[in-house]
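One structure below.
The values are calculated or read from the model by the stated rules, or taken from the named source; none is laboratory data. Since the structure is predicted, the reported quantities are computational estimates derived from the model, not experimental observations. FYI the Cβ positions are ideal-geometry reconstructions off the backbone, even for glycines, and counts take in every protein chain you see.
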Protein chains: 2
Amino acid sequence: MAKAQFDRKEVIDKSIGLFWQNGFSASSMQQVVRTTGLKPGSIYLAFGNKEGLFREALEAYAQKSIERIRNVLDTAPSLGEGLCRLFEAVVQESTKENYCSCFLIKTRLELAAEGGALHEFASAKLNEVEDLLRSYLEKKFDKTVSRQRAVSLMFHIFGVRVYGYQKDSAEHMRQGLREGLPWLPWDLDA
Amino acid sequence: MAKAQFDRKEVIDKSIGLFWQNGFSASSMQQVVRTTGLKPGSIYLAFGNKEGLFREALEAYAQKSIERIRNVLDTAPSLGEGLCRLFEAVVQESTKENYCSCFLIKTRLELAAEGGALHEFASAKLNEVEDLLRSYLEKKFDKTVSRQRAVSLMFHIFGVRVYGYQKDSAEHMRQGLREGLPWLPWDLDA
DNA sequence: ATATTTTTTGAGTGATCATTCAAGGTAATG
DNA sequence: CATTACCTTGAATGATCACTCAAAAAATAT
């Protein structure tokens, strides 16, 4: 039995880069071949088809994202400060050269029409993020407030992810976040 | 001189439907041919290429959207109530069967990578919406507050547009909007 | 009517799409 | 070493892509 000669994680990471930037439709398998260095046959044996590879890439991205949220919230001195740090990281990310918003959000929007598995998967993962945030909020607030604020947090995540394409908008976004999330300890976070 | 035999507005409207739902890359010119009933030659004579048609469709969508915002805000009994009505309309829209988010937002996300004219155009129009909202806010609030709240309104618009794909979430979204936009007169709007 | 100008038609272009597969290579097993 | 089992290779497939163009039709101008 010959084992796969390529590093699967590496291939997935490169695929995340490609699909995240260009989306599903605008990424061709020939680009995947160029990006990963694999030949078509190897890709199809390992991942089935374009959707299979995209799915694994999206899955890996989602897992990393959710882990990062958990990690930041678990290590911060308080929930509020953790949330502020998460938002600051998203704002920071939007200032980079090749800003790409969020892979999950882009997939949710791009692939909603065909109602396919990828759209469902992206939606499920975004819901998972909301549930996670709510579970953290429920440590400090009652259920009703927690649910409301979880939705509000998602609005602001989506908001920053879309707004972030505007150049030099980081400071405006920080102001907007303070306006909509006044219950977070923005000033402690210096 | 023969005049065009098709109704340009009608063709644009049908193209809006197609491109809004599927995006640029996932909409083929053959679908455009089927949707509009025009033959390829006529389309290319009238609009140049796929990007030209997409651009006109996006332009028409943006104009309609901005006009609608103006209209609602001008006819409402107060600015706050007008804004509430706008949000309620967006929430309502998300409950429909073939919900498609917002054509401008989808374009901004889909076509950011190539940095092309269409991404720039969508971004410019979204900025125009923000400027419009700010100009209305400045009638009631000072410049600083108006700018902050305009950003906050955009966050919530983007938020609802992305969140809206979740089924049966209208009531949750309304709660989330109250949470993040407490300065709006939600209860007067019954 | 006739001439002129513009539009419509729809088959056809070469390029690129996702995907396949037979042949050759490589590693573990007996 | 031989066999087995899996992997890689890369040219080839048919479909579909955006787009073109010469000829027919249609509408105005004279």
task = Return yes or no: is A:Q63 modelled with pLDDT of 95 or more and over 19 Å from A:F103 (Cβ atoms)?
result = no
note = Residue pairs within 7 Å by beta carbon, gap of at least six or interchain, first lying in region A:156-171 and within 16 Å of A:C102 (Cβ to Cβ), second of a type in the set (A, V, I, L, M) and part of a loop (DSSP other than H, G, I, E, B), listed first then second, are A:H156/A:L181; A:Y165/B:A112
When residues of region A:148-184 are limited to those that are of a type in the set (D, E, K, R) and more than 7 Å from chain B (Cβ to nearest Cβ), the one nearest to the chain's Cα centre (by Cα) = A:R161
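Tell me, please, whether a residue that is away from chain B (no Cβ under 11 Å) and not in a helix (DSSP H, G or I) can be found in region A:123-133.
No: zero hits.
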task = Tell me, yes or no, whether region B:97-109 has at least one residue that is surrounded by fewer than 19 Cβ atoms within 10 Å (Cβ to Cβ) and either more than 10 Å from chain A (Cβ to nearest Cβ) or in contact with a strand residue (DSSP E or B) (Cβ under 9 Å, 6 or more places away or on another chain) (or both).
result = yes
query = Of everything in region A:29-52 that's under 19 Å from A:N98 (Cβ atoms) and near DNA strand C (Cβ under 8 Å from one of its atoms), which residue is surrounded by the most Cβ atoms within 10 Å (Cβ to Cβ)?
reply = A:V32
query = Identify, please: which residue in region A:53-70 is surrounded by 13 or more Cβ atoms within 10 Å (Cβ to Cβ) and acidic (D, E) and is, among those, nearest to DNA strand C (Cβ to nearest atom)?
reply = A:E56
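Residue-wise test of (1) more than 10 Å from DNA strand D (Cβ to nearest atom); (2) touching a residue at least 24 places away in the same chain (Cβ under 8 Å); (3) within 14 Å of another protein chain (Cβ to nearest Cβ).
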| residue | (1), (2), (3) |
| --- | --- |
| B:K14 | yes, no, no |
| B:S28 | no, no, yes |
| B:T35 | yes, no, yes |
| B:P40 | no, no, no |
| B:L45 | no, no, no |
| B:L58 | yes, yes, no |
| B:K64 | yes, no, no |
| B:R70 | yes, yes, no |
| B:V91 | yes, yes, yes |
Residue check, B:A113 in a loop (DSSP other than H, G, I, E, B), buried (at least 16 other Cβ atoms within 10 Å of the Cβ) and within 11 Å of DNA strand D (Cβ to nearest atom) = no
task = Scan region B:95-103 and give yes if some residue there is assigned to a loop (DSSP other than H, G, I, E, B) and modelled with pLDDT under 95, otherwise no.
result = yes
request  = Return yes when A:Q5 is part of a loop (DSSP other than H, G, I, E, B) and surrounded by fewer than 16 Cβ atoms within 10 Å (Cβ to Cβ) and no when it is not.
outcome  = yes
query = So which residues in region B:45-94 are among the acidic types (D, E) and either in a loop (DSSP other than H, G, I, E, B) or within 16 Å of the chain's Cα centre (by Cα) (or both), if there are any at all?
reply = B:E56, B:E59, B:E67, B:E88, B:E93
